[in-house]
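Undergrad: My questions will all concern the structure given below.
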Amino acid sequence: KNEVEQSPQNLTAQEGEFITINCSYSVGISALHWLQQHPGGGIVSLFMLSSGKKKHGRLIATINIQEKHSSLHITASHPRDSAVYICAVRSGQWGSGGGADGLTFGKGTHLIIQP
Amino acid sequence: AAGVIQSPRHLIKEKRETATLKCYPIPRHDTVYWYQQGPGQDPQFLISFYEKMQSDKGSIPDRFSAQQFSDYHSELNMSSLELGDSALYFCASSLGVFQETQYFGPGTRLLVL
């Protein structure tokens, strides 16, 4: 079973700060997801990474397959970014795809951006 | 754009009762995943279906069963409910299984009394 570790577990920052959330996993994966969960419970998929880097607005996600590590960055953070950010991986050989394998989730990072 | 639809959004049941949760994937999506998130817990994968066939199985109790129908919607059937089954149940869908993004529904919050 893949072990997914996220850090930090909790993060409080001021509006405008640059935020970094880290994720590491223990065995090879075929995909890595960054998800956002708001207090109401809904989960939104932010990124799915297969390699390199992806950018969407103020969000940037990177992955280093060799080091089994991914980071989520938020630039110019805003109070509305306050949420739980979850790293989730799909185990298996990179690029193999495989079946409809379920995701293994990290514990999440609770982010609070103060005005 | 259409999203994943789950019904009901909230459900209250008593111990030993049964419950059926429904998931309607994004149109043209052929793959459905079920996850369970207990209070203060990270989501746990239960089961998935691709093209109406069970594809992967996670920590789904024997009291639970699920299936995917010809229109690709899926139902999670839960019998002999226990207090510990109280959780948020998410359904996600994707188009195919090869490194495709999973789109999550809003979840069904089940409370077992």
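Undergrad: Looking at the P(r) of the stretch B:13-113, how many percent of alpha-carbon pairs lie beyond 17 Å?
TA: On the way: 2403 of 5050 pairs.
Taking all Cα-Cα pairs of the stretch B:13-113, the fraction more than 17 Å apart is 48 percent.
Undergrad: What residue among A:PHE18, A:PHE47, A:PHE105 shows peak mean-square fluctuation when chain A is described by a Gaussian network model with Cα springs under 10 Å?
TA: It is A:PHE18.
Undergrad: A further question on this structure: Pick from A:ILE86, A:ILE43, A:ILE29: which is most flexible by mean-square fluctuation in a GNM of chain A where alpha carbon atoms under 10 Å apart are linked?
TA: Taking springs between Cα atoms under 10 Å, the residue moving most is A:ILE43.
Undergrad: I would also like to ask the following. What residue among A:GLY57, A:GLY28, A:GLY16 has the largest mean-square fluctuation in a Gaussian network model of chain A, using Cα springs under 10 Å?
TA: Top of the fluctuation ranking is A:GLY57.
Undergrad: Something else now. Once you compute Rg and the Kirkwood Rh from C-alpha atoms, what is the Rg to Rh ratio for chain A?
TA: My calculation of the ratio gives 0.97.
Undergrad: Can you check what the net charge comes to around B:GLN41, using other residues whose Cβ is under 15 Å from the Cβ of B:GLN41 (Lys, Arg +1; Asp, Glu -1)?
TA: Once all neighbours under 15 Å are counted, the net charge is 0.
Undergrad: Return B:LYS57, B:LYS22 ranked ascending by Cβ neighbour count within 10 Å, so the fewest neighbours appear first.
TA: Going from sparsest to densest Cβ surroundings: B:LYS57, B:LYS22.
Undergrad: Tell me, what does the Kirkwood hydrodynamic radius of the stretch B:1-67 come to in angstroms if you use every pair of distinct C-alpha atoms?
TA: Result for the stretch B:1-67 stands at 13.5 Å.
Undergrad: Pull out the extension gain between A:ILE112 and A:SER82, defined as 0.36 nm times the separation in residues minus the alpha carbon to alpha carbon distance; nm, one decimal.
TA: Answer, rounded to one decimal: 10.3 nm.
Undergrad: How much net charge surrounds B:HIS29 when only the other residues with a Cβ under 12 Å from the Cβ of B:HIS29 are counted, with Lys and Arg +1 and Asp and Glu -1? List each step's numbers first, then the result.
TA: Details: positive: B:ARG28; negative: B:ASP30, B:GLU51, B:ASP71, B:GLU100.
Result for the local shell: -3.
Undergrad: Sequence neighbours fewer than 8 away in the same chain don't count; with that in mind, list the lysines whose C-alpha is under 19 Å from B:LYS52.
TA: By straight Cα distance, B:LYS52 reaches B:LYS22.
Undergrad: Å³ per residue of the Cα convex hull, for the protein assembly as shown?
TA: Working: hull volume 27.0 nm³, N = 228.
Value for the protein assembly as shown: 118 Å³ per residue.
Undergrad: Computed from the mean reciprocal separation of all distinct C-alpha pairs, what Kirkwood hydrodynamic radius does the stretch B:54-113 have, in Å?
TA: Over the stretch B:54-113, the inverse of the mean reciprocal pair distance is 13.2 Å.
Undergrad: Shifting gears a bit: Counting Lys +1, Arg +1, Asp -1, Glu -1, what net charge surrounds B:VAL4 among other residues with beta carbon under 15 Å of its beta carbon?
TA: Overall, the nearby charge balance is -1.
Undergrad: Now for a different question. How well do other chains shield peptide B:32-45, expressed as the mean number of their Cβ atoms within 10 Å of each residue Cβ?
TA: Other-chain Cβ atoms within 10 Å of each residue's Cβ, averaged: 4.
Undergrad: Separate question: With a point put 7 Å past each Cα toward its Cβ, work out how far B:ARG9 is from B:GLU82 in nm, to one decimal.
TA: It is 3.0 nm.
Readers should treat all values here as calculations from the given coordinates under stated rules, not as data from a laboratory. It should be emphasised that the depicted structure is a prediction, and the values quoted were computed from it without experimental measurement. Here the Cβ is made from the backbone with ideal geometry for all residues, glycine too, and neighbour counts use every protein chain on show.
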